[in-house]
1. Residues of segment 127-144 being in contact with a helix residue (DSSP H, G or I) (Cβ under 9 Å, 6 or more places away or on another chain) and either within 16 Å of Ala61 (Cβ to Cβ) or of a type in the set (A, V, I, L, M, F, W, C) (or both), which ones?
2. Mind listing just one residue for me: the one in segment 57-76 that is in a strand (DSSP E or B) and not β-branched (Val, Ile, Thr) and, of those, surrounded by the most Cβ atoms within 10 Å (Cβ to Cβ)?
3. Which of the residues belonging to segment 77-117 are touching an Asp or Glu at 6+ places or on another chain (Cβ under 9 Å) and β-branched (Val, Ile, Thr)?
4. Has segment 77-88 got any residue that is open to solvent by less than 40 Å² (accessible area, probe 1.4 Å), assigned to a loop (DSSP other than H, G, I, E, B) and not aromatic (Phe, Trp, Tyr)?
5. Is at least one residue of segment 94-111 under 26 Å from Thr57 (Cβ atoms), modelled with pLDDT of 90 or more and within 19 Å of the chain's Cα centre (by Cα)?
6. Does segment 100-107 contain at least one residue that is in a strand (DSSP E or B) and charged (D, E, K, R)?
7. Which of the residues spanning segment 89-99 are assigned to a loop (DSSP other than H, G, I, E, B) and open to solvent by 90 Å² or more (accessible area, probe 1.4 Å)?
8. Is there any pair with a first residue in segment 47-61 that is more than 21 Å from Thr73 (Cβ to Cβ) and a second that is surrounded by 11 or more Cβ atoms within 10 Å (Cβ to Cβ) and charged (D, E, K, R) whose Cβ atoms are under 9 Å apart and which are 6 or more apart or on different chains, and what are they?
Amino acid sequence: MRNPARWAATLGLTAAAVCGPLTGASHATPPTAPATLYAPSALVFTVAHGETAAAVTPERAVTLSCAPTPSGTHPNAVGACVELRGADGDFDALETRTGVWCTREYDPVVIRVSGVWQGEYVSYERTFANECVKNSYGTSVFAF
């Protein structure tokens, strides 16, 4: 003969285990997962001849995305991403290459960068004295 107390206890524990989560009792909420594993980095570079980006029409434009892998229309996306990561996304921190000699010709070239770098909005503009000076900053970021 079965023990009714044991049977009732087993049935009660089983019901609590199965139906307990469905009763709406307060449970710890699971931590929210990040939407992605990396912050977005997508930039658009334009170049034009003139004093300011507002006064000229861009002659060329390239795109650069550095996460999760370097890509875009930039001719050296891998090198540009490595340089930007090394400078922590600060275009002013890019150093001139040693051993590059440029003429003192004044033919201004303006670079404009817009987009997102590691989740932060970026808007950068810089005027260089000429094309040679522009290409001497870093090894590949402005060389397009």
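1. Listed by number, the residues that qualify are Phe128, Val141, Phe142, Ala143, Phe144.
2. Ranking the candidates gives Leu64 first.
3. Scanning segment 77-117 gives Val109, Val110, Ile111, Val113.
4. Yes: segment 77-88 contains one or more residues that are open to solvent by less than 40 Å² (accessible area, probe 1.4 Å), assigned to a loop (DSSP other than H, G, I, E, B) and not aromatic (Phe, Trp, Tyr).
5. no
6. No, segment 100-107 contains no residue that is in a strand (DSSP E or B) and charged (D, E, K, R).
7. Across segment 89-99, the qualifying residues are Glu95, Arg97, Thr98.
8. Pairs found: Thr52/Glu125; Ala54/Glu125.
The values are calculated or read from the model by the stated rules, or taken from the named source; none is laboratory data. Since the model is a prediction, treat every value here as computed from it, not as a measurement. No Cβ is skipped: glycine too gets one built from the backbone with ideal geometry, and neighbour counts run over all protein chains shown. SASA here: full protein model, heavy atoms, side chains in, ligands and nucleic acids out. Shrake-Rupley method; radii C 1.70, N 1.55, O 1.52, S 1.80 Å.
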